[in-house]
Each structure stands twice: as C-alpha cells, then as structure tokens.
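Report on one structure; see the data block that follows.
The values are calculated or read from the model by the stated rules, or taken from the named source; none is laboratory data. Every value quoted in this text rests on a predicted model; they were computed, and no experiment measured them. FYI the Cβ positions are ideal-geometry reconstructions off the backbone, even for glycines, and counts take in every protein chain you see.
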Amino acid sequence: MFKGLLLLCVLLVASAQKKSAPSFKDIPIVSHENVLEVDGKFRYSYEGGDGTRAAQDGQQIVVNNNAGTASQGQFTYQGDDGKTYSVSYTADENGYRPSAEHLPTPPPVPAPIARALAFLATLPPQKENNRKF
C-alpha cells in the first residue's frame, strides 16, 4: 500500500514538472545584417522566421567628457495575445525613450502644477548653500 502511494506521488510530481516546463521551438533567422564602421557608427538588423524584426543604428558620442552611445531603432514582435506590436526608440544621454501605441502614457500635468513649474522656471538661479541636512 505504501509503495503504491509513493509511486503515485512520484508520478504526480513528474507529470506536474512536465506541464510547467517551458517549451521552446527553433525559429530560423531569415535575414541578418551587422555593420560596424571604424568611426564608431554601427547598424544592425535581423528578421526571424516568426515575423520578429529589429533594426538599430547609432554612433559613439561624448557628453560632458564621458563616452557613450546614441542610437535609435525599432522592433516588432507577436505578443501572447496574437497581436503584432511595434516599438520605436531612441537611446542617448537623455535615456531610453520608447514609443508605441500599446505603451501606457503618463496623465497630463494638472494645470496648477504646470503654472507653478512655469513660474519657477522664470526665477533666477539660486546660489546653493553647502549646508548638510
């Protein structure tokens, strides 16, 4: 009786592990380009057999004596819901800025806050104190 119960538990655990393991399929790369110029400019693109596409181009930049990369690109993929999603982006010294119809957008700034910010922008700069809080 105990051996039968133990065997049943082992089979249930094995069955649960098979169901929870992700299944991956091989997706061929249909096209691919990767170019790096001697001046630091670059571009790449690829397309997968499932319709996934990506492309990016950019260059090396220096901002405030710090080296970095500025780039722009886009990618397209099919979501779990079956819809196709496309994202365009810019990435530079101002950060990563994606743009897409499906991405959430922040609510507008309330009018009183916008007026206060506009007023503060008109004030002369203040000399900073070296006080520690």
With the first residue restricted to segment 104-125 and required to be on the phi < 0 side of the Ramachandran plot, and the second required to be modelled with pLDDT under 95 and not β-branched (Val, Ile, Thr), Cβ contacts under 8 Å at 6 or more apart or on different chains are Val109/Leu117
The condition from (1) aromatic (Phe, Trp, Tyr); (2) within 25 Å of Pro98 (Cα to Cα); (3) not in a strand (DSSP E or B) that Phe24 misses is numbered (2)
Subset of segment 42-81, residues charged (D, E, K, R) and modelled with pLDDT under 95, comes to Asp50, Asp80, Asp81
Filter segment 32-85 for residues that are among the β-branched types (Val, Ile, Thr), touching a residue at least 12 places away in the same chain (Cβ under 8 Å) and loosely packed, with under 14 Cβ neighbours inside 10 Å; the one that is nearest to Leu103 (Cα to Cα) is Thr84
Residue count, segment 89-99, condition surrounded by 13 or more Cβ atoms within 10 Å (Cβ to Cβ) and more than 10 Å from the chain's Cα centre (by Cα), comes to 3
